[in-house]
1. For residues that are in a strand (DSSP E or B) and charged (D, E, K, R), tally how many sit in segment 199-217.
2. Suppose we filter segment 338-380 for residues that are small (Gly, Ala, Ser), surrounded by 19 or more Cβ atoms within 10 Å (Cβ to Cβ) and over 16 Å from residue 281 (Cα atoms); how many remain?
3. Looking only at residues that are in a loop (DSSP other than H, G, I, E, B) and of a type in the set (A, V, I, L, M, F, W, C) in segment 344-379, which one is nearest to the chain's Cα centre (by Cα)?
4. Residue check: is residue 55 open to solvent by less than 60 Å² (accessible area, probe 1.4 Å) and in a helix (DSSP H, G or I)?
5. Residue 43: out of contact with any Pro (no Cβ under 7 Å at 6 or more places or on another chain), open to solvent by 20 Å² or more (accessible area, probe 1.4 Å), under 29 Å from residue 165 (Cα atoms) and of a type in the set (S, T, N, Q), yes or no?
6. Give the residue, chosen from 252, 303, that is open to solvent by less than 30 Å² (accessible area, probe 1.4 Å) and hydrophobic (A, V, I, L, M, F, W, C).
7. Of the residues that make up segment 112-123, is at least one touching a strand residue (DSSP E or B) at 6+ places or on another chain (Cβ under 9 Å), in contact (Cβ under 8 Å) with a residue 40 or more places away in the chain and of a type in the set (Ser, Thr, Tyr)?
8. Residue under question is residue 118, and the condition is that it be open to solvent by 50 Å² or more (accessible area, probe 1.4 Å) and more than 16 Å from residue 242 (Cα to Cα); does it hold?
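The values are calculated or read from the model by the stated rules, or taken from the named source; none is laboratory data. All of these numbers come straight from a predicted model, not from anything done at the bench. So basically every Cβ, Gly included, is an ideal-geometry build from the backbone, and we count neighbours across all protein chains shown. Keep in mind that these areas ignore ligands, DNA and RNA; they rest on the heavy atoms of the full protein, side chains included. Shrake-Rupley method; radii C 1.70, N 1.55, O 1.52, S 1.80 Å.
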Amino acid sequence: MDFTETEKIRDLKRRATRFLDEFVIPAEPVYAQQKTEIGPWETPPVMAELKKAALDSDLWNLFLPGDGGAGLNNLEYAHVAEITGRSPWIMPEALNCSAPDTGNMEILAHFASPAVQERWLEPLLAGEIRSVYSMTEPLVASSDANNIDTRITEDAGGFRINGRKWWSSGAMSRACKVAIVMGRSNPGGERHRTHSMVVVPLDTPGVNVLRSTSVFGYSDSGHGGHAEIVYDNVWVPRENLLGELHGGFAIAQARLGPGRIHHAMRLIGMAERAFDLMCTRAHKRTPFGKPLAEQSVLQDWVAEARIRIETTRLLVLKTAWLMDTVGNRGAAVEIAGIKVAAPRMATWVIDHAIQAHGGGGVSQDFPLAELYAQARMLRIADGPDEVHKMSLARRELRRFTATPP
């Protein structure tokens, strides 16, 4: 394994860190204030200023390799993604590198027809619109994608969609214009040949956005919330099919390749910010006659946090390196592992930073409560820990099936 930081990576980290310090962190209170002044689900105006600054700084679409992006591989992107995680509500979107748009753009770039790419991918790459990924359903155990039961049927030269989705992140925003919808198109088919994905403009008749669901009470309004959507007899033309008919499961797995570890990369940045806040607090508070920094319990938290962050970072870098060298399939064990390890590490670090801040840690005066909510959610959002561990264990156990006793 080679994690050597090339001059390209060092320059990218310098520019991303400068953008974080000079533009993003100062914009956080402005972003929070604007959310209280504008209508529900509107994007705070400061985001447009940040996007322009990111474009001017040549920090744009860094997640996407090839002509449409910055040409970074997974290992190179891991470094800048970690930095964006220090302000997870603002910096990824400012760089046009936020979920679910990143995964959706990857799907459109690889599986959409030229007409669909022109209509939807180009404005997404330009940061002019947002998108939504409609996969999870409230009435089935969506942790098993084979359970997804929204129906996609061929009709009148196109497809008819009927079903109910939720956790369709971003759909409450007026900037969100299009959805990628996964549904069952071949109920009697082979296990992994029963679903398809289609592109659905949100202004299509029959698309009913019902409400947003909160995350630990946070509406995530600046990003357009997390919507519950009913697709009631929605029709789209055949050109809106992504990839081949009944090939939706394979596309879902492709989407969860690079995108699967983007959250892991950002979680390291979230943990690092919490760590910084904890250490700063340790020198500012003096309980029981001496600073927190001199209390053995706080020193134990700091040491443990640093160990957990560093070991997780190494696993992220190894995973990214393997994806670049042997592909997503060859990195399957590591991808599953980091999906469990990163949010578990981040929630531990953030939780102890909250404890070090006392009542302030759970208040709006520090970013820790929102960081914790985001990190804890990610133990579910990209697949529950238990599913990733099951997948990892099965792969490991298969290596021993042919081994003689």
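1. Within segment 199-217, residues that are in a strand (DSSP E or B) and charged (D, E, K, R) number 1.
2. 4
3. This residue is 378.
4. no
5. So residue 43 fits the description; yes.
6. 252
7. For segment 112-123, residues touching a strand residue (DSSP E or B) at 6+ places or on another chain (Cβ under 9 Å), in contact (Cβ under 8 Å) with a residue 40 or more places away in the chain and of a type in the set (Ser, Thr, Tyr): present.
8. Answer is no for this residue.
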